[in-house]
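Q: Before I ask anything, let me first share the structure, which is written out below as structure tokens.
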Amino acid sequence: MIRTIATDAGANLALQAVSVVLGVVIGVTLSRLLGADGLGVYAFAMSLATLLATVARMGLTTLVVREVAVGKERGDWAEVVGLVSWAQWATASVSVGIGAIVVAIASLLAMPETFWTVCAAMLLLVAMSVTWVLGSALRGLNAVVVANIPFQIVRPGLALVGIGVLSWTSLDRPQLAMGVEAGAWFVAGLVAWWFWRGRVPVAPPTQAYSPRKWLTAALPLLVLDGLLMTGSPSNVEPARY
């Protein structure tokens, strides 16, 4: 047990170190590629997407960690699979709704470059929200190291490659950089989903759904997430999980 904990702690530390290095390189590359004005547009859209993702998650990420862990101990895989499936659907639906409203407002108020960057950021919003749910499900299964790989290696690694290509081809538009970020999050979500499907039994023929119970339990957690977000500016950094 102690050896397992030590191994996991060492692996998580290594992943965190790699993530920090990739984040620094991405930041420097973006600043050189976009310049002050473009980077300002990119940062605004990124912060907007990350803040809205807190609402779109509806507190479900914290609930998923807890309920998946409990369901695993009970062997109640019908409810575990049902909760994670429903949480993905719910966060995706809310994200799409929020994104549509934001895009409509931006079409009236924003300049073209900012508008298209915000559009790409709303795609990022959907990808982040669903991927966070899957990461929480993996954490509930106590697969913490595996849960961190999509967030700390896959996403920043792909983003760095994509931004490097933009830099090499001199495509210095914030909307393109945001599109690269959104694409990296979608791929990270697919990787998280693959990890999740490989660690649960075959989905039971009848999955258990209790949306009212889950929402009732999640809403207080949404308030807590909001307080943590407003109280700690560092939480807006999308590279962190």
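The values are calculated or read from the model by the stated rules, or taken from the named source; none is laboratory data. Being a predicted model, the structure only gives us computed values, none of them experimental. Because the Cβ atoms are built from the backbone with ideal geometry, glycine has one as well, and the counts that use them run over all protein chains shown. What goes into the accessible areas is simple: the full protein's heavy atoms, side chains included, and nothing from ligands, DNA or RNA. Shrake-Rupley method; radii C 1.70, N 1.55, O 1.52, S 1.80 Å.
Q: Look through region 104-130, keep the residues that are within 20 Å of the chain's Cα centre (by Cα) and farther than 23 Å from THR62 by Cα, and return whichever of them is most open to solvent (accessible area, probe 1.4 Å).
A: Initially, region 104-130 is screened for residues within 20 Å of the chain's Cα centre (by Cα), giving 117-130.
Retained after the next criterion (residues that are farther than 23 Å from THR62 by Cα): 117-121.
Details: THR117: 0, VAL118: 5, CYS119: 28, ALA120: 12, ALA121: 0 Å².
This residue is CYS119.
Q: While we're looking at this one, here's another question. Do you know which residues across region 146-179 are open to solvent by 60 Å² or more (accessible area, probe 1.4 Å) and of a type in the set (Gly, Ala, Ser)?
A: Across region 146-179, the qualifying residue is only SER170.
Q: Which residue out of THR50, THR62 is open to solvent by less than 30 Å² (accessible area, probe 1.4 Å), in contact with a helix residue (DSSP H, G or I) (Cβ under 6 Å, 6 or more places away or on another chain) and either part of a helix (DSSP H, G or I) or closer than 16 Å to VAL130 by Cβ (or both)? Spell out the reasoning first.
A: Numbers: THR62 fails: open to solvent by less than 30 Å² (accessible area, probe 1.4 Å).
That would be THR50, the only listed residue that is open to solvent by less than 30 Å² (accessible area, probe 1.4 Å), in contact with a helix residue (DSSP H, G or I) (Cβ under 6 Å, 6 or more places away or on another chain) and either part of a helix (DSSP H, G or I) or closer than 16 Å to VAL130 by Cβ (or both).
Q: Ok, one more. Taking the conditions exactly as written (under 23 Å from TRP196 (Cα atoms), open to solvent by 30 Å² or more (accessible area, probe 1.4 Å), free of Cβ contacts under 8 Å to residues at least 12 places away in the same chain and of a type in the set (Val, Ile, Thr)), does VAL70 satisfy them or not? Reasoning before the result, please.
A: Numbers: under 23 Å from TRP196 (Cα atoms): yes; open to solvent by 30 Å² or more (accessible area, probe 1.4 Å): yes; free of Cβ contacts under 8 Å to residues at least 12 places away in the same chain: yes; of a type in the set (Val, Ile, Thr): yes.
Here the answer is yes, as VAL70 does meet what is asked.
Q: Could you check, for region 1-14, whether at least one of its residues is surrounded by fewer than 17 Cβ atoms within 10 Å (Cβ to Cβ) and not in a helix (DSSP H, G or I)? Reasoning before the result, please.
A: Going through region 1-14, the residues surrounded by fewer than 17 Cβ atoms within 10 Å (Cβ to Cβ) turn out to be 1-14.
Still in the list and also not in a helix (DSSP H, G or I): 1.
Yes, that holds for at least one residue.
Q: Tell me the residue from ALA143, ALA90, ALA56 that is surrounded by 23 or more Cβ atoms within 10 Å (Cβ to Cβ) and of a type in the set (Gly, Ala, Ser), please. Walk me through how you get there before you give the answer.
A: On the way: ALA143 fails: surrounded by 23 or more Cβ atoms within 10 Å (Cβ to Cβ); ALA90 fails: surrounded by 23 or more Cβ atoms within 10 Å (Cβ to Cβ).
None of the others qualify; the one that does is ALA56.
Q: I've got another one for you. Could you tell me which of the residues ALA188, ALA182 is closer than 17 Å to MET128 by Cβ, surrounded by 19 or more Cβ atoms within 10 Å (Cβ to Cβ), of a type in the set (A, V, I, L, M) and in contact with a Ser or Thr (Cβ under 8 Å, 6 or more places away or on another chain)? Explain how you work it out, then say what you get.
A: On the way: ALA182 fails: in contact with a Ser or Thr (Cβ under 8 Å, 6 or more places away or on another chain).
None of the other options fit; the residue is ALA188.
Q: Exactly one condition in (1) at pLDDT 90 or above; (2) surrounded by 24 or more Cβ atoms within 10 Å (Cβ to Cβ) is not met by LEU83; state its number.
A: Result: LEU83 fails condition (1) only.
Q: Give all pairs with beta carbons closer than 9 Å in which a residue from region 156-183 that is aliphatic (A, V, I, L, M) meets a residue that is outside any helix (DSSP H, G or I) and open to solvent by less than 30 Å² (accessible area, probe 1.4 Å); count only pairs at least 6 apart in sequence or on separate chains.
A: If the second residue must be outside any helix (DSSP H, G or I) and open to solvent by less than 30 Å² (accessible area, probe 1.4 Å), the pairs left are ALA159/ALA239.
Q: Got a number for residues in region 182-215 being over 30 Å from TRP116 (Cα atoms), modelled with pLDDT of 75 or more and not basic (Lys, Arg)?
A: Of the residues in that region, 6 qualify.
Q: Looking only at region 130-177, how many residues end up being within 30 Å of VAL81 (Cα to Cα) and either assigned to a loop (DSSP other than H, G, I, E, B) or not aliphatic (A, V, I, L, M) (or both)?
A: Adding up the residues that qualify gives 16.
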